[in-house]
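Undergrad: Before anything else, here's the structure in question.
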Amino acid sequence: MISTPRTSSKRLALLAALIALALGAVWAGAVWLRANSVDVPKYKVDPRYATQTKSRTAVQDAYLRWGSDATNDSANDGCEARSVAGWAAFLGTPVNAKAVARELSRSVDPAFRHAAYLGCLTQLTSPGA
């Protein structure tokens, strides 16, 4: 089929009309969505929750506090498995609760070593350990 100037101008006009129609539909949809959007109310920041603040220090302190509690409990439970003498023989440390707790806490993340040390020491020095 041979394209004549009249046929190509009709196609061009049709294409322009389709583009204008599509743009009009997009614009109408945007207007409709904006009119029907709901404003979400802002919540009040609760200072008891560190994650609701923009302070990185508060978030880090909360992480250390919560993680230290869990690490303390875990170390306490873990050190219950053996006596001080048993741990000392296993780790190659002096038969001393502090030396055993110090050696065991070295395997914990540095941020939580003190909590692990205290948890293990508490267990090893408790009556019946």
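Undergrad: Taking THR93, is it modelled with pLDDT of 90 or more, surrounded by 13 or more Cβ atoms within 10 Å (Cβ to Cβ) and not small (Gly, Ala, Ser)? So that I can check it myself, show each step before the final result.
TA: Numbers: modelled with pLDDT of 90 or more: yes; surrounded by 13 or more Cβ atoms within 10 Å (Cβ to Cβ): yes; not small (Gly, Ala, Ser): yes.
It is true that THR93 is modelled with pLDDT of 90 or more, surrounded by 13 or more Cβ atoms within 10 Å (Cβ to Cβ) and not small (Gly, Ala, Ser).
Undergrad: So TYR43 clears everything in (1) in a helix (DSSP H, G or I); (2) loosely packed, with under 10 Cβ neighbours inside 10 Å except one condition, right? Which one?
TA: So the condition that TYR43 fails would be (1).
Undergrad: Take ARG34 and tell me if it is closer than 30 Å to LEU121 by Cα, part of a helix (DSSP H, G or I), of a type in the set (Lys, Arg) and at pLDDT below 85. So that I can check it myself, show each step before the final result.
TA: Numbers: closer than 30 Å to LEU121 by Cα: no; part of a helix (DSSP H, G or I): yes; of a type in the set (Lys, Arg): yes; at pLDDT below 85: yes.
In short, no.
Undergrad: Determine which member of the set ARG11, ARG82, ARG113 is part of a loop (DSSP other than H, G, I, E, B), of a type outside the set (Val, Ile, Thr) and either surrounded by 10 or more Cβ atoms within 10 Å (Cβ to Cβ) or at pLDDT 90 or above (or both). Lay out the reasoning, then the answer.
TA: On the way: ARG11 fails: part of a loop (DSSP other than H, G, I, E, B); ARG113 fails: part of a loop (DSSP other than H, G, I, E, B).
So the residue among ARG11, ARG82, ARG113 that is part of a loop (DSSP other than H, G, I, E, B), of a type outside the set (Val, Ile, Thr) and either surrounded by 10 or more Cβ atoms within 10 Å (Cβ to Cβ) or at pLDDT 90 or above (or both) is ARG82.
Undergrad: Please tell me if ASP77 is within 24 Å of ALA116 (Cβ to Cβ) and either surrounded by fewer than 15 Cβ atoms within 10 Å (Cβ to Cβ) or β-branched (Val, Ile, Thr) (or both). Steps first, please.
TA: Working: within 24 Å of ALA116 (Cβ to Cβ): yes; either surrounded by fewer than 15 Cβ atoms within 10 Å (Cβ to Cβ) or β-branched (Val, Ile, Thr) (or both): yes.
Criteria met by ASP77.
Undergrad: Here's a follow-up. Among (1) modelled with pLDDT under 90; (2) outside any loop (DSSP other than H, G, I, E, B); (3) over 26 Å from GLN60 (Cα atoms), which single condition is GLN123 missing?
TA: (1)
The values are calculated or read from the model by the stated rules, or taken from the named source; none is laboratory data. Fair warning: this is a prediction, and the values are worked out from it, not measured in the lab. Cβ: placed from backbone, ideal geometry, glycine included. Neighbour counts: every protein chain shown.
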